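J.: Pasting a structure here, questions to come.
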Amino acid sequence: LALLGLALTTVAAPGLAGVMIGYFVLCFAYTGLFLPDRGGAVLLLPALVTYVVSLRAFNAELALRTCFVAGVWLALAHLLNRMRRRQDVLVAQLHADAHIDPLTGLANRRGMARFLAEAEAGDVLVVFDLDHFKRVNDERGHAYGDHVLETFGRHLGRQLRTRDRAARSGGEEMVVLLRCREQERCGKQLTRRLREAFGDEGLGVSFSAGLAVVGEDRTVEETLGDADRALYRAKRAGRDQVWLAGDPRSGEDDTPVWRHGLPAGFPVLAA
């Protein structure tokens, strides 16, 4: 549109040709900053037509000048396009550094706050905690502890669907938001699959978890507190198990989902 306007203006008022030619600079900038790669080459022909129309005459000297202008057009468009792409990469890297935990690849606390704000009634919150993790660090070293965290985060990420979210909320604790309408069934399936996948690594570390369903009249913060309470019930009950949070207002108690790899209700040995 800018090129068309420039061409029409110079045809209608030839005396403004020298002034309007400066607007080619804006076309350079627009082509490089906002169009996809090779956009300058696509717009080169209409740009040349507009340039020739604005000159009102054409000879050998102007032909040479036109070639020079075309070269400058392509060079500037390519340079600005590369600068924009590099800036996009840097912005994406800064965003990742600000919202992604580098060890586990999951969101950090800032990223967790963002996806928790999107939670709706019917979604499921799961709070994970690696069992006896301090002892793992003390006995086998922090490098091994980091390897355990990285492995757990990798397996957790693989178990999530596209619309689910997970974060490392701190230390060895992870928080997951399951965007589903099957209520706690989603969390039961997730924890079961994760236990099998993580256990196959042979790291000698188990996890405990608490589940809670976001209700119509419960805030996300309250639901997260419910899941955290269920997690600590699992910890006190012997670890390596998952508990579902009840509704404290109705007197509904927390209940175990599975213990030590067995469905709730099976005999349990001390952890």
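The values are calculated or read from the model by the stated rules, or taken from the named source; none is laboratory data. On a predicted model such as this, the values are computed, not experimentally measured, just so you know. Neighbour counts run over all protein chains shown; Cβ positions are idealised from the backbone, glycine included. Each accessible area value is taken on the protein alone, full model and side chains, heavy atoms only, with ligands, DNA and RNA left out. Shrake-Rupley method; radii C 1.70, N 1.55, O 1.52, S 1.80 Å.
J.: Share of Cα-Cα pairs in the stretch 107-240 beyond 21 Å, in percent?
T.: On the way: 3308 of 8911 pairs.
Value for the stretch 107-240 (Cα pairs over 21 Å): 37 percent.
J.: In whole Å, what are the extents of the stretch 200-246 along the principal axes defined by its C-alpha atoms, from largest to smallest?
T.: 42, 21, 13
J.: While we're here: For a quick check of your reading of the filter: which trypsin sites (Lys or Arg not before Pro) in the stretch 86-172 sit in a DSSP loop and have no more than 14 other Cβ atoms within 10 Å? Can you show the working numbers first?
T.: Details: sites: Arg86, Arg109, Arg110, Arg114, Lys134, Arg135, Arg140, Arg154, Arg158, Arg161, Arg163, Arg165, Arg168; in loops: Arg161, Arg163.
Qualifying residues, ordered by number: Arg161, Arg163.
J.: Compute the angle between helix 184-199 and the longest alpha-carbon principal axis of the chain, please, reported from 0 to 90 degrees and rounded to the nearest 10.
T.: Tilt of helix 184-199: around 90 degrees.
J.: Right, something else. Report, to the nearest 10°, how far helix 220-236 tilts away from the longest principal axis of the Cα atoms in the chain, using its own Cα long axis and a range of 0 to 90°.
T.: 40 degrees
J.: Ignoring ligands, DNA and RNA, please state the percent of accessible area on the stretch 141-235 from carbon and sulfur, probe 1.4 Å.
T.: Details: 1920 of 4300 Å².
After summing per-atom areas, the C and S share lands at 45 percent.
J.: Rounded to two decimals, what is Rg over Rh for the stretch 178-228 when you use alpha-carbon atoms and the Kirkwood radius?
T.: Working: Rg = 13.3 Å, Rh = 12.4 Å.
Looking at the stretch 178-228, the ratio lands at 1.07.
J.: Tell me, what ³J(HN,Hα) does each residue in the stretch 103-108 have, in order and in whole Hz, if you take phi through Karplus 6.51 cos²θ - 1.76 cosθ + 1.60 with θ = phi - 60° and put x for Gly and Pro?
T.: Per residue, the Karplus-derived 3J(HN,Hα) values read 7, 8, x, 8, 5, 8 Hz.
J.: Another one. Roll a 1.4 Å probe over the protein heavy atoms and report the accessible area of Met112 in Å², nearest 10.
T.: Result for Met112: roughly 20 Å² accessible.
J.: Here's something else I'd like to know. Tell me which residues come under 5 Å, amide H to amide H, from Ile100 once H is placed; ignore anything under 5 positions away on its chain.
T.: Asn108
J.: Over the C-alpha atoms of the chain, what are the Rg and the largest Cα-to-Cα span, Dmax, in Å?
T.: Final numbers for Rg and Dmax: 30.6, 97 Å.
J.: What FRET efficiency, computed as 1/(1 + (r/R0)^6) with R0 = 30 Å and r the Cβ-Cβ distance, is obtained for Asp247 and Arg185, rounded to the nearest 0.05?
T.: Numbers: r = 17 Å, r/R0 = 0.58.
Between Asp247 and Arg185 the formula returns 0.95.
J.: Next up: Would you please give the residues with an amide H less than 5 Å from that of Ser169, counting only those at least 5 places away or on a separate chain, with H modeled from the backbone geometry?
T.: Close amide H contacts, sequence-distant or interchain: Met174, Val175.
J.: Per residue of the chain, what 222 nm ellipticity follows from adding -39500 (n - 2.57) for every DSSP H run with n ≥ 4, rounded to the nearest 500? Let's see the in-between values first.
T.: Numbers: 11 runs with 149 residues, N = 271.
Dividing the helical sum by the residues of the chain leaves -17500 deg cm²/dmol.
J.: What list of ³J(HN,Hα) couplings, whole Hz, do you get for the stretch 170-176 from phi and the Karplus terms 6.51, -1.76, 1.60, once you set θ to phi - 60° and write x for glycine and proline?
T.: Using θ = phi - 60°, the values come out as x, x, 9, 9, 10, 10, 10 Hz.
J.: On to the next question. As I understand it, the value is the acute angle between the Cα axis of helix 2-12 and the longest principal axis of the Cα atoms of the chain; what does it come to in degrees, rounded to 10?
T.: So the inclination is approximately 20 degrees.
J.: Could you pull out every Cys in the chain that lacks a partner Cys with its beta carbon under 4.7 Å away?
T.: Flagged as lacking a Cys partner: Cys27, Cys67.
J.: Cα centroids of the stretch 79-103 and the stretch 194-234: how far apart, whole angstrom?
T.: 33 Å
J.: Additional query: Please work out the ratio of the alpha-carbon Rg of the stretch 36-139 to 2.2 N^0.38 Å and round it to two decimals. If you can, show how the numbers build up before the last one.
T.: Values: Rg = 27.5 Å, N = 104, 2.2 N^0.38 = 12.8 Å.
Dividing the Cα radius of gyration by 2.2 N^0.38 Å gives 2.14.
J.: Taking H as built 1.01 Å from N, whose amide H comes closer than 5 Å to the amide H of Ser206, not counting residues under 5 places away?
T.: It is Asp131, by chain and number.
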